[in-house]
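First the structure, in the form of structure tokens, and then the observations on it.
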């Protein structure tokens, strides 16, 4: 039984046709599509809208059936009537990021200048560009200020960027399991993934859209490498340990002997059906480039100068991709900027992926924060 | 100036021609080559021989110029006159592992049955098989008992296997930065590497030796992914941080903008010149299969029952590939087996790679252990 909330709208809107969207790389993009889903109802004051920002391989189908995989939305645990992101109270918006591949304009779409897919002619985009595009969507929806902007991982980076770039359009922000800058180790892991894609001869310099063969092998390897980093050693040990796959004995070969191998292969193979390889390159690059302090003369607290936005920062104790220390850097900067901020490190052995899973302490934290912030906002539902 | 010790011998010997070497997979291998280097002089009592076991991508050139790369040996910091592994005192032996690609028989060598390279017809080998082959070399050298068997990472697994399988032929053992079993996370990382190799169309099911094109792209990706795991986040941060490559600004492209990217690419590209892709598959598989407790009815201490071998176990505080806790499992089992064991966790931020680097506390620990063990052995030099 699907537990999808009612009042779902899956939509797409063409933006930037009047005013092209300026990009951090120096160019601009006009006529870009923003694909988004909404859940719940916008109140008369337009004060109950929450923007959900998705992670690297996420999409706008946060609480809807993903059309390619047919699976439930990636945050159905959080979104719905009576849930933490309560569709009876809030109007939830989730849009596919710029550069993505689920309807928002990205490298697989047609470049109006050439009539061909962009491929690597798509401009390099940043987290700042993603948020700038979302601000256009906010304009389109005629919402002056989000009640909250929430997201985990790259979604958390967007929440931070929102609060920094548009403090007056963002009443509160909930950055989860993220960092104010992408670390050297994380850039390294992303580079491994990109090299895996680019090493696939079917990638063809990014110009594979007309080909029968897509760079699925390289993309699957990239996904596998990334997927290991989303889990903790403890979670992998608990889930799989050294358990063998459907067999009592080692096969003395290169088949997937261990359950963890077959799990990883499954992750890789399934990913390529729903994701574009070039989008993977662009979005990982956007994360690599993210460095809020660098954008503000080296001072992270300057990114949030005199902010009135209320913050709730959450980290997970076993997350080694975005460890608690990096999330704390955000909190320290916010405190230095005299911001209103609460911080919770959730104890869990589930690693970075915890933000996508049933994590009661995360739910409780976000729910509590939203309730008290709703009071400050004068939200009545 | 090369500081290579004198008395170097680079040799190769054909073994198993009289008695084929039985393998854990159930078959056996005859006429296999063991390529090895020796440093220093064997004493009259043949009691001063130390076996060095190399790691996944190591070789026998521990303290000699690597013939392909022209670089110094991988453990020159440890080996030499007056150094920790003192060539004035000890006779040092280092052999390329079975399944390797630097002279010891492996998948790139000719299968005498077919006259063609083995490729994937090479039998799956285990750490136990590697050690069994080294025992044949020990027989050939007419050494009854190694004064010590030492190695880091996969070399540490071999040291443990030696002490477990041949306690009477192994007076002491120094397993460094290893584990009694390969963890789920480490199997996962290995599987990513193997899938990267196998995804390369030039791999051709392992039958690429006659081809002009080798699976170098896939192998480079595998190496890059592995290399990230050898370093700590702190080491990467200290070494590279988010420093840009030869430029003041981001390029907004997919070139190596960050120094860490260009470093990784260099690691990948240089590796493929000296390593065979199939050997990479076989040796990672041998590590995956390693589980000393499983080989002894689930009890790790049974692997060392009544052992007289003296042990020195070393871990590194920032090693997340073989964390201290896994090294401690070895120590606890040895204590339960009433073995003579000392254990040191070296404080360093250099990660797993610390065993290959100038790590003074490692040197001091091994030197002290060897000196006291030399007394027990009645070694006079």
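The values are calculated or read from the model by the stated rules, or taken from the named source; none is laboratory data. What you see is a predicted model; the values in this text were computed from it and never measured. So basically every Cβ, Gly included, is an ideal-geometry build from the backbone, and we count neighbours across all protein chains shown.
Can you name the condition, by its number, that residue B:242 falls short on among (1) modelled with pLDDT of 95 or more; (2) surrounded by fewer than 24 Cβ atoms within 10 Å (Cβ to Cβ); (3) within 23 Å of residue A:326 (Cα to Cα); (4) facing another protein chain (nearest Cβ under 7 Å)?
(1)
Residues to consider are A:370, A:281; find the one that is buried (at least 16 other Cβ atoms within 10 Å of the Cβ), more than 12 Å from chain B (Cβ to nearest Cβ) and either outside any helix (DSSP H, G or I) or at pLDDT 95 or above (or both). Write out each step before concluding.
On the way: A:281 fails: more than 12 Å from chain B (Cβ to nearest Cβ).
Going through A:370, A:281 in turn, the sole match is A:370.
Run down B:106, B:70, B:100 and say which single residue is assigned by TED's automatic domain parsing to the domain that holds residue B:166 and over 16 Å from residue B:131 (Cα atoms).
Values: B:106 fails: over 16 Å from residue B:131 (Cα atoms); B:100 fails: over 16 Å from residue B:131 (Cα atoms).
Sole residue among the options that is assigned by TED's automatic domain parsing to the domain that holds residue B:166 and over 16 Å from residue B:131 (Cα atoms): B:70.
For (1) over 19 Å from residue A:132 (Cβ atoms); (2) not in a strand (DSSP E or B), each residue gets a yes or a no:
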{"site": "A:160", "(1), (2)": "no, yes"}
{"site": "A:163", "(1), (2)": "no, yes"}
{"site": "A:168", "(1), (2)": "no, yes"}
{"site": "A:174", "(1), (2)": "yes, no"}
{"site": "A:185", "(1), (2)": "yes, yes"}
{"site": "A:190", "(1), (2)": "yes, yes"}
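Could you grab the pairs with beta carbons closer than 6 Å, sequence gap of 6+ or different chains, first residue in the range A:182-198 and facing chain B (nearest Cβ under 7 Å), second one not in a helix (DSSP H, G or I)?
So the pair list comes out as A:184/B:240; A:184/B:241; A:187/B:258.
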